Amino acid sequence: MAVSATATHEEPRVVLSARGLTKHFGAFAAVKNVDLDVEHARVHALIGPNGAGKTTVFNLLTKFLQPTAGSITLLGTDITKTAPDKVARMGLVRSFQISAVFPHLTVLDNVRVALQRPNGLATQFWLPMSSLDRLNARADELIEAVGLKRERDALAADLSYGRKRVLEIATTLALDPKVLLLDEPMAGMGQEDIGTVSNIIREVAKTRAVLMVEHNLSVVADICHHVTVLQRGEILAEGDYATVSQDERVRLAYMGSEDA
């Protein structure tokens, strides 16, 4: 599977970081003093029970929300006050919990639409449809890389839920992100699709950073290099999965009793 260029073997480096990240909604502190370092060529999981603040952290990092306090750095540049569209153009791209594809376009056309921006075609509405044909080769590469070759000419609306999520990953990769944020990529998937997407994420992370919110702890254990556990908006524990899964505080947060 060839999602992008050949993987490098350089030392891990931090490409996305947050320091003292805090978000208040009135008197409620949804995120409190979170420090986070996401490294190149690593899969980093953000986990925690419902209401822990995971999606709020995602929204802060991608600038859909402005932090109350703290700072965010992307590729060495402070983006704390940067608009979300500019952050995306800098290479920080996210998916959402709900699949976001164009249902009445084919798989191929969904990917070609996503490829328009990095290829300078997003605002050139006067060009004929045939001008998009130059995108076909790269679109086919991405479609094959995520295992959708057989569905290339099918309407997105006709795909199963899991295959729609796979298509969404293909369209996200079309933007050539340097840091990829995935919000619950396995939600609602069957076991076969979970295996497919896990392999895609593992391959993608060879050449870029991946930060994912995920509730499926088997997936986290299988593909993630580093895990940050949130509870009530604060970091409860972090480290590799083997370390955090043995932490009694984490077990209590998830299971609700020390004996669980």
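Throughout, read-outs are computed from the coordinates displayed, never taken from laboratory work. None of the values given here were measured: they were computed from a predicted structure. In this analysis, Cβ positions are derived from the backbone assuming ideal geometry, glycine residues included, and neighbour counts consider all displayed protein chains.
Worth pointing out:
- Taken one residue at a time, the phi angles of the range 155-163 give Karplus couplings (6.51, -1.76, 1.60, θ = phi - 60°) of 5, 4, 4, 8, 7, 5, 4, x, 5 Hz. Gly and Pro are set to x.
- Two-site label geometry, residue 155 and residue 252: point separation in nm, points 7 Å out along Cα→Cβ: 5.4
- Taking a sphere under 13 Å around the Cβ of residue 181 and counting the other residues whose Cβ falls inside, with K and R at +1 and D and E at -1, yields a net charge of +1.
- Backbone geometry of the range 44-54 corresponds, through the Karplus equation with coefficients 6.51, -1.76 and 1.60 at θ = phi - 60°, to 3J(HN,Hα) couplings of 10, 9, 10, 10, x, x, 4, x, 6, x, 5 Hz, x marking Gly and Pro.
- Scattering curve values for the range 51-92, log₁₀ I(q)/I(0), Debye with Cα scatterers, q = 0.32 Å⁻¹: -1.22
- Under 23 Å from residue 63, Cα to Cα: lysines that are on another chain or at least 8 residues apart: 23, 32, 54, 81, 86, 178
- Of every Cα-Cα pair in the chain, the percent that sits beyond 22 Å: 57
- Of the peptides 25-38, 42-55, the order by per-residue mean of other Cβ atoms within 10 Å, starting with the highest, comes out as 42-55, 25-38.
- Cα-centre dipole for the chain with unit charges at Cβ (Lys and Arg positive, Asp and Glu negative), debye to 20: 840
- Under 5 Å between amide hydrogens, built in the peptide plane, is the criterion, and for residue 181 it picks out 93, 94, 95, 211 among residues at least 5 positions away or on other chains.
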